[in-house]
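Right, one structure below, let's go through it.
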Amino acid sequence: MNKIKTIDQAMEYIRDGMTVMIGGFMGIGTPELLIDAMIEKGVKDLTIIANDSGLPDRGVGRLIVNKQVKRIIASHIGLNPETGRQMNSGELIVDLVPQGTLAEQIRAGGAGIGGFLTETGIGTEIEEGKQKIQVNDKIYLLELPMKADVALIRASVIDKLGNVYYRGATRNFNPLIATAADIVIAAAEQVVEVGGIDPSDVMTPGIFVDMIVEGEK
Amino acid sequence: MDDTTAKQRIAKRAARELNDGDVVNLGIGLPTMVANYIPDDVHVILQSENGFVGLGPVPEPGCEDKDIVNAGGKCVTVKQGAAFFDSSVSFGIIRGGHVDTTILGALEVDEKGNLASHMVPGKMVPGMGGAMDLVSGAKKVIITMTHTSKGAPKILKKCTLPLTAAGQVNLIITELAVIEVTKDGLALKEIAPDTTIADILKSTDADVIISEELKVMEV
């Protein structure tokens, strides 16, 4: 089982109209290598699920600037003015979700959980159209799980079986999305032999990772 | 008072609300400045919702680590004893009541402790980020903001902008006053030395109860 692929081999799995989860927080922990390749391939009409819409020249933001996205589900779009512009002109659908709810929806999607209850958003526009459930004396919103066709993660160190170590704050949404998509592609800063990462330091078990692409900066 | 002086005063006063050992989350902007004024004998653990506790100061130029950034995407340092985690754990910490205090900015706050901080429809729609989870989950929510915006009150009878959270604000700190949100309404607890109760009432578009223990704000 060889998980190391060329960027072209990996890109065969990303097609027009797909739902793609992308790791990172303001571009930190985003696999820029895979964004480069998606721009080069010109794949379009994507639904992106990510923490934020990056910056115009960084992370998910570059796909938006290049008009490859029809819908984005994110918690924050403020650092990329192009997202707001396309939203206001009707070119892009933006679904804003509280960050903790988004993280948990993805976790639930990957963990086989049918939904979860949270107080976040009670009394705000977020509760519109959602089921409310009372447990004892508290009222919660029912939030549903989220899944995707493909997840793109950024690994600081990965072994050839796909076991991932994320350095510093690059972890963020990466381990969550790695569990919640049909195909998981990791862009790696450093690839090591199997055994090169202590099993106790593995943050995403290799069973979740389908493909590894080398060359992430 | 110029904007910078006002913000420094607010940050300094807010820092005095923190207790030794507290886990604290500071919002971007004015709330971030609070870290500069925490007394030496008070050790708080700062959380950064993008995935760690133990947030330290901004690094010296040239010493930035590209993998260590705060929730605004800016390079920061971590202190000894810091811990990194994923976004699910980070918001488990927040929703689960493990954050003692969060200090955030606001566009509007009202008598019921409602907060509007994340959007102005048609003008500014950046998204709520982690703010909704923070104000719902933190044990204590402190709002730091200038008392008015271009002369217009920001403390209102009822928020006009879309709410970030309903009834979650505990304390409001401005350059003029410290106001507590109580079940009876807004209680004026402290007043800045260079203002008057009349001035505060004039720049506040809400009913204010003058606390019996009204004090002069230390600035």
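Values in this text are rule-based calculations from the coordinates and carry no lab data. On a predicted model such as this, the values are computed, not experimentally measured, just so you know. When we count neighbours, we look across all protein chains shown, and the Cβ atoms used for this are built from the backbone with ideal geometry, even at glycine.
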task: Under a cut-off of 28 Å between alpha-carbon atoms, report the lysines in cross-link reach of A:Lys160, not counting same-chain residues fewer than 8 places apart.
output: A:Lys3, A:Lys5, A:Lys41, A:Lys147, A:Lys217, B:Lys66
query: Where a ≥ b ≥ c are the square roots of the eigenvalues of the C-alpha gyration tensor, would you call chain B rounded, which needs a/c under 1.5, or, failing that, prolate if a/b is larger than b/c, or oblate?
result: prolate
task: May I ask for the angle, rounded to the nearest 10°, between helix B:3-15 and the longest principal axis of chain B, with both axes built from Cα atoms and the value confined to 0 to 90°?
output: 70 degrees
- prompt: How many partner chain Cβ atoms sit within 10 Å of a residue's Cβ in peptide A:112-124, on average, as a whole number?
  reply: 5
query: When you count, for each residue, the other Cβ atoms within 10 Å and take the mean per peptide, how do A:52-64, B:153-165, B:84-96, B:129-141 rank with the highest first?
result: B:129-141, A:52-64, B:84-96, B:153-165
message: Students often check this: by mean Cβ neighbours within 10 Å, which of B:191-197, B:51-57 ranks highest, and how do the rest follow?
response: B:51-57, B:191-197
Degrees separating the helix A:99-111 axis from the principal Cα axis of chain A, which is the longest one: 60 degrees
message: Can you show me the helix-derived [θ] at 222 nm for chain B, built from DSSP H runs with n ≥ 4 at -39,500 (n - 2.57) apiece and divided by the number of residues, rounded to the nearest 500.
response: -4500 deg cm²/dmol
task: Please identify the longest segment of chain A free of exposed GluC sites (Glu not before Pro), where exposed means a DSSP state other than H, G, I, E or B and no more than 15 other Cβ atoms within 10 Å.
output: A:13-90
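Using the structure shown, select from A:Lys132/B:Lys139; B:Lys7/B:Lys123; A:Lys132/B:Lys150; B:Lys123/B:Lys157 the pairs with a Cα to Cα distance greater than 31 angstrom.
Long pairs (Cα-Cα over 31 Å): A:Lys132/B:Lys150.
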- line: For chain A, averaging the sequence separation of alpha carbon pairs under 8 Å that lie six or more residues apart and dividing by its residue count, the contact order in percent is 23 percent
task: Sort A:Tyr140, A:Tyr165 so that the residue with the fewest other Cβ atoms within 10 Å of its own Cβ comes first and the one with the most comes last.
output: A:Tyr140, A:Tyr165
- line: For region B:62-139, the dipole about the Cα centre with charges only on Cβ (Lys and Arg +1, Asp and Glu -1), to the nearest 20 debye, works out at 20 debye
- request: For peptide B:157-166, compute the average count of partner chain beta-carbon atoms within 10 Å of each residue's beta-carbon.
  value: 3
task: Identify all lysines with a Cα-Cα distance to A:Lys130 below 18 Å; exclude those on the same chain that are fewer than 8 residues away in sequence.
output: A:Lys138
field: Longest segment of chain B lacking GluC sites (Glu not before Pro) that sit in a DSSP loop with at most 15 other Cβ atoms within 10 Å
entry: B:65-217
- request: Let me have the relative contact order for region B:3-216, percent, based on Cα pairs under 8 Å that are six or more residues apart.
  value: 18 percent
- prompt: Taking +1 at the Cβ of each Lys and Arg and -1 at the Cβ of each Asp and Glu, which of B:Ala131, B:Gln47, B:Cys75 sits farthest along the dipole of region B:3-216 towards its positive end, judged by Cα position relative to the Cα centre?
  reply: B:Ala131
task: Determine the shielding of peptide B:80-87 by partner chains: average, over its residues, the number of Cβ atoms on other chains within 10 angstrom of each Cβ.
output: 6
